[in-house]
Amino acid sequence: MKAKPDPESRGGPVPTSSRGFLKVSGDEAQSLSSSQRVALIRRGNEFFNKGDYTTAKRIFMTVGYSDGLIRLGNRFSEEGNPLEAFRMFWLAGDTRRVSELSENMAKVIRKWLQEDEPLPHRKKRE
């Protein structure tokens, strides 16, 4: 019986049971041969380099290619799409980046909640 990879490491895809709200499966990656996986990763890299991030994402998610998912996460982050970046980092098992984005999202939520609180000099809404 093969041990599941540790979700705290960047050594591979996060086990299906650790993926929380994400609807993905690691079954596809396990049924590919080594040569099929390498060929798909190369193809995914080609799509990524051409700017076809949607196709690259589908391939990287299918094969569980963490480095490709991290590159996509960086790209989505640069494009101002933090939720998709978070998703890619989560799937890649990159706990450092997941933690950083989680902290940033928590700061935004705290700020929103503070903005909702009535200030002492304002009248309460009724």
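The set of residues from the stretch 59-105 being among the hydroxyl-bearing types (Ser, Thr, Tyr), in a helix (DSSP H, G or I) and either closer than 21 Å to residue 33 by Cβ or in contact with a strand residue (DSSP E or B) (Cβ under 7 Å, 6 or more places away or on another chain) (or both) comprises 62, 66.
Given the options 29, 56, name the one that is at pLDDT 95 or above, surrounded by 14 or more Cβ atoms within 10 Å (Cβ to Cβ) and either out of contact with any strand residue (DSSP E or B) (no Cβ under 9 Å at 6 or more places or on another chain) or of a type in the set (D, E, K, R) (or both).
None of the other options fit; the residue is 56.
The values are calculated or read from the model by the stated rules, or taken from the named source; none is laboratory data. All figures in this text were calculated on a predicted structure; none of them were measured in a lab. Because the Cβ atoms are built from the backbone with ideal geometry, glycine has one as well, and the counts that use them run over all protein chains shown.
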